[in-house]
Amino acid sequence: AQSVTQLDSQVPVFEEAPVELRCNYSSSVSVYLFWYVQYPNQGLQLLLKYLSGSTLVESINGFEAEFNKSQTSFHLRKPSVHISDTAEYFCAVSEGTGGFKTIFGAGTRLFVKA
Amino acid sequence: GAGVSQSPSNKVTEKGKDVELRCDPISGHTALYWYRQSLGQGLEFLIYFQGNSAPDKSGLPSDRFSAERTGGSVSTLTIQRTQQEDSAVYLCASSYSGGSGRGETQYFGPGTRLLVL
């Protein structure tokens with residue numbers, strides 16, 4: 001069965017500092033991987049996803065994540081964060097050979113301080 | 001419509017009462033998902049629909065929970081004999097599944113905040 005672990009429930013960081021939000025998954029088959037973001041008082045929206053091909057995927061606002069099959073990880077990184085990146089970030093996995101079921105992690109609250 | 005809509009936005013009910021939550025997906029989206037978001041618990045998968053059928057109901061917490069979808073569009077999640085532990089935000093999402101469908105982006109509604117007193 002699939003599972004997703006987000007190791008950090010909260011990550012405080014100063015503006016313009018780099019950040020890494022960690023995500024590990026468990027699955028016995030090939031997977032699709034996602035990062036969703038929930039800004040304050042807004043709904044969940046997709047940040048980026050890995051389906052196949054290049055293991056490094058990027059978002060339009062400077063985040064990137066790398067699929068590491070051997071370590072079963074999909075960590076999210078940004079070299080320099082902004083105040084506006086303050087949000088809750090959810091890692092999610094769905095199995096490539098199964099149905100549409102998507103399992104989400106518990107979320108990591110990123111708090112960017114001035 | 002422009003996005004996924006859910007109603008009501010807030011619902012307060014008494015323990016033991018039944019509630020119905022509604023989800024209107026994006027037009028043309030064939031896959032529809034229900035999740036529950038409890039404080040500090042992340043998103044808990046409840047059920048998904050492909051068209052009107054629900055191939056995976058494994059996430060429904062108990063037989064008090066049921067869901068249906070009609071016409072490949074609107075879905076309702078029904079909770080019978082509500083309990084205080086049912087209090088949470090219930091989120092609906094939809095996706096287009098024209099190809100294999102797997103790996104498609106899910107578009108989320110604003111959620112229904114349920115409080116059981």
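The values are calculated or read from the model by the stated rules, or taken from the named source; none is laboratory data. What you see is a predicted model; the values in this text were computed from it and never measured. All Cβ positions, even for glycine, are placed from backbone atoms using ideal geometry, and neighbour counts span all protein chains on display. For accessibility, only protein heavy atoms count, side chains too; no ligands or nucleic acids. Shrake-Rupley method; radii C 1.70, N 1.55, O 1.52, S 1.80 Å.
Before moving on, here are some points about what is shown:
- Value in Å of the Kirkwood radius, where chain B supplies the Cα pairs that are averaged: 14.2
- In the stretch B:29-58, the residues whose accessible area drops by at least 40 square angstrom when the other protein chains are added to the isolated chain are B:Q37, B:L43, B:F45, B:Y48; the probe is 1.4 Å and only protein heavy atoms count.
- Computed over every Cα-Cα pair of the stretch A:3-113 and binned at 10 Å starting from 0, the pair-distance distribution P(r) comes out as 15, 50, 29, 6, 0 percent.
- Exposed GluC sites (Glu not before Pro) absent: longest stretch of chain A, with sites in DSSP loops and at most 16 other Cβ within 10 Å deemed exposed: A:17-114
- Trypsin sites (Lys or Arg not before Pro) lying in DSSP loop within the stretch B:50-101, provided at most 15 other Cβ fall within 10 Å: B:K57, B:R64, B:R81
- Based on protein heavy atoms only, chain A ends up with 48 Å² per residue of surface accessible to a 1.4 Å probe.
- Measuring against 29 Å, Cα to Cα, the residue pairs A:K101/B:K11; A:K78/B:K11; A:K69/A:K113; A:K49/B:K11 contain A:K78/B:K11; A:K69/A:K113; A:K49/B:K11 as the ones spanning a longer distance.
- Evaluated over the Cα positions of the protein assembly as shown, the convex hull gives a direction-averaged projected area, one quarter of its surface, of 12.7 nm².
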